[in-house]
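Worksheet for the structure shown next.
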Amino acid sequence: MPFEKDKCYIDYTSPGTAHLYGIENFIVSFQTSYQQVEIVDTELFGRLLILDGKVQSAESDEYIYHEALVHPAMLMHPAPKRVLVIGGGEGATLREVLKHPSVEELIMVDLDKEVVENCQQYLQAWHQGSFNDSRVTLHFLDAREYLENEEALYDVIISDVPEPVEQGPALKLFTTQYFNLIQTRLTNGGLVALQAGDSSLPFIESHSAIHNTIKQVMPFIRPYRAFVPSYNTEWGFILAAPENKEFPGPDEFNRLLESRKLKLNYFDGETSQAMFAAPKDFRKRLQEEKTVIDDDHLLPIY
């Protein structure tokens with residue numbers, strides 16, 4: 001049976017393609033100074049957060065996205081004490097970082113206070129009280145401004161900002177200038193992890209350009225992917241560092257998880273093999289990519 005007109009949400013992935021979500025209830029819909037925000041309940045995926053028409057995360061599978069984003073970088077650092085999260089308004093990125101027992105200070109910088117406040121109220125299943133942890137400090141600022149003015153160093157920086165949609169607030173958080181700034185704010189041995197857009201063909205344009213941009217700045221770079229059912233695609237992430245690193249094998253990831261007493265729902269050593277393996281066409285596209293994103297040559301996606 002077709003959905004009633006007012007009972008579905010359409011997320012356009014391109015001018016000619018879209019995902020359709022059956023809606024049970026509209027929680028909030030409002031425009032902030034930076035973006036359009038919706039929180040809705042769906043029939044299949046539970047509650048959704050939608051920014052500027054793009055689904056950010058779903059209650060049923062956000063753990064896949066957030067575990068994939070956070071834990072490879074956190075595990076590759078021997079004892080991450082000071083961590084910076086850029087974006088991450090739902091609070092789920094905070095939740096995953098705080099699982100690591102070495103964390104002493106966690107700074108979150110998000111531009112849009114209204115989004116964070118609504119996530120605190122309506123997305124409790126995501127943040128699980130993480131905003132109230134004594135180790136967490138929130139700043140409602142532009143991330144570039146924060147990094148330019150604060151000279152503190154971090155063991156791990158996690159960039160969890162929306163895709164660089166046209167006129168969106170994150171356009172300048174995927175440029176060479178941004179990644180050069182990021183690497184100056186890492187401690188020796190520090191790493192950065194970021195969500196990097198759809199990594200499936202034919203929607204890979206943004207991901208491959210982001211990958212090539214970071215490659216100009218940092219010598220250690222590992223793209224990886226995880227299938228997120230609510231996105232209906234292989235979502236892309238990138239792990240990078242200012243110096244080359246030895247990449248853990250599956251047994252080492254499992255040993256690190258056990259040593260930190262982490263029991264995750266998605267990520268472990270076996271999962272890491274799938275996430276960091278890439279098919280030939282994907283590797284070929286990254287190798288052939290020539291686009292470099294900078295402040296004067298931005299790459300908005302649809």
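Here are the numbers:
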item: In the range 179-238, the residues that are aromatic (Phe, Trp, Tyr) and in contact with a strand residue (DSSP E or B) (Cβ under 6 Å, 6 or more places away or on another chain); result: Phe220, Tyr224, Phe227, Trp235, Phe237
item: Members of the range 151-163 that are touching a strand residue (DSSP E or B) at 6+ places or on another chain (Cβ under 6 Å) and part of a loop (DSSP other than H, G, I, E, B); result: Leu153, Val161, Pro162, Glu163
item: Restricting the range 1-47 to residues that are at pLDDT 90 or above, of a type in the set (Phe, Trp, Tyr) and not in a strand (DSSP E or B), the residue that is nearest to Leu141 (Cα to Cα); result: Tyr34
item: Inter-residue pairs, beta-carbon under 8 Å, first in contact (Cβ under 8 Å) with a residue 40 or more places away in the chain and among the hydroxyl-bearing types (Ser, Thr, Tyr) and in the range 175-197, second buried (at least 17 other Cβ atoms within 10 Å of the Cβ) and part of a helix (DSSP H, G or I), 6+ apart; result: Thr175/Thr213; Thr176/Thr213
item: Hits in the range 19-32 - residues which are in contact (Cβ under 8 Å) with a residue 12 or more places away in the chain and over 22 Å from the mean Cα position of the chain (by Cα); result: Leu20, Gly22, Ile23, Glu24, Asn25, Phe26, Ile27, Val28, Phe30
item: Pairs where the first residue, in the range 104-124, is over 16 Å from Asp160 (Cβ atoms) and the second is assigned to a strand (DSSP E or B), C-beta under 7 Å, 6+ apart; result: Glu104/Arg82; Glu105/Arg82; Asn118/Val28; Asn118/Val37; Asn118/Ile39; Tyr122/Ile27; Tyr122/Val28; Tyr122/Ile39
item: Any chance Phe203 is out of contact with any Gly (no Cβ under 6 Å at 6 or more places or on another chain) and within 26 Å of Leu111 (Cα to Cα); result: no
item: Residues of the range 141-160 classified as under 17 Å from the mean Cα position of the chain (by Cα) and either buried (at least 21 other Cβ atoms within 10 Å of the Cβ) or basic (Lys, Arg) (or both), total; result: 7
item: Tally of residues being out of contact with any Lys or Arg (no Cβ under 8 Å at 6 or more places or on another chain), part of a loop (DSSP other than H, G, I, E, B) and in contact (Cβ under 8 Å) with a residue 24 or more places away in the chain across the range 229-259; result: 9
item: Some residue of the range 181-202 being buried (at least 23 other Cβ atoms within 10 Å of the Cβ), at pLDDT below 95 and touching a Leu at 6+ places or on another chain (Cβ under 7 Å); result: no
item: Verdict on Ala240 being surrounded by 18 or more Cβ atoms within 10 Å (Cβ to Cβ) and within 30 Å of His100 (Cβ to Cβ); result: yes
item: Flag if Arg82 is in the same structural domain as Thr184 (by TED's automatic domain parsing), among the charged types (D, E, K, R) and under 24 Å from Glu145 (Cα atoms); result: yes
item: Of all residues in the range 167-180 being assigned to a helix (DSSP H, G or I) and of a type outside the set (A, V, I, L, M), the one that is surrounded by the most Cβ atoms within 10 Å (Cβ to Cβ); result: Phe179
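The values are calculated or read from the model by the stated rules, or taken from the named source; none is laboratory data. What you see is a predicted model; the values in this text were computed from it and never measured. Every residue, glycine among them, receives a Cβ derived from its backbone with ideal geometry; neighbour counts consider all protein chains shown.
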